[in-house]
Amino acid sequence: MTTFVRACSLDELEDGTPKRVELEGVPIALVRTEGEVFAVNDICSHANVSLSEGEVEDCQIECWLHGSSFDLRTGKPSGLPATRPIAVYPVKIEGDDVLVSVTQES
């Protein structure tokens, strides 16, 4: 069974600006873009760097250190040096609450 945990309110997410939260010990980058909210693991798969400090464009989050980009929908890298995907977590919106499940990665 998928368990969702409140991550923040929808008002706390500025369009195109990542927000770092920690849920059940897992660092998560939340991103509101293109009318949706996405949750991905906040650590770049290439280096131990916080992705929430990077930039968002075209449903991609870019690592500020080496420039690797990851698709917010799939977690797949779209640019070197990263070759491994990052985890993507299910998100649902209930009222003004952003809920994320870290128990079931996709």
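Tabulated data
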item: Qualifying residue in region 49-56 (condition: modelled with pLDDT under 95 and in contact with a strand residue (DSSP E or B) (Cβ under 9 Å, 6 or more places away or on another chain)); result: yes
item: Residue count for region 3-35, restricted to those that are open to solvent by 30 Å² or more (accessible area, probe 1.4 Å), β-branched (Val, Ile, Thr) and in contact with a Phe, Trp or Tyr (Cβ under 9 Å, 6 or more places away or on another chain); result: 1
item: Residue list for region 77-106, restricted to those being assigned to a loop (DSSP other than H, G, I, E, B) and either modelled with pLDDT of 95 or more or β-branched (Val, Ile, Thr) (or both); result: Thr83, Arg84, Pro85, Ile86, Ala87, Pro90, Gly95, Asp96, Ser101, Val102, Thr103
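The values are calculated or read from the model by the stated rules, or taken from the named source; none is laboratory data. Everything numeric here is computed off the predicted structure, so don't read it as measured data. Backbone-built Cβ (ideal geometry, glycine too); neighbour counts: all protein chains shown. Protein only, heavy atoms only, side chains kept; ligands, DNA and RNA dropped before computing areas. Shrake-Rupley method; radii C 1.70, N 1.55, O 1.52, S 1.80 Å.
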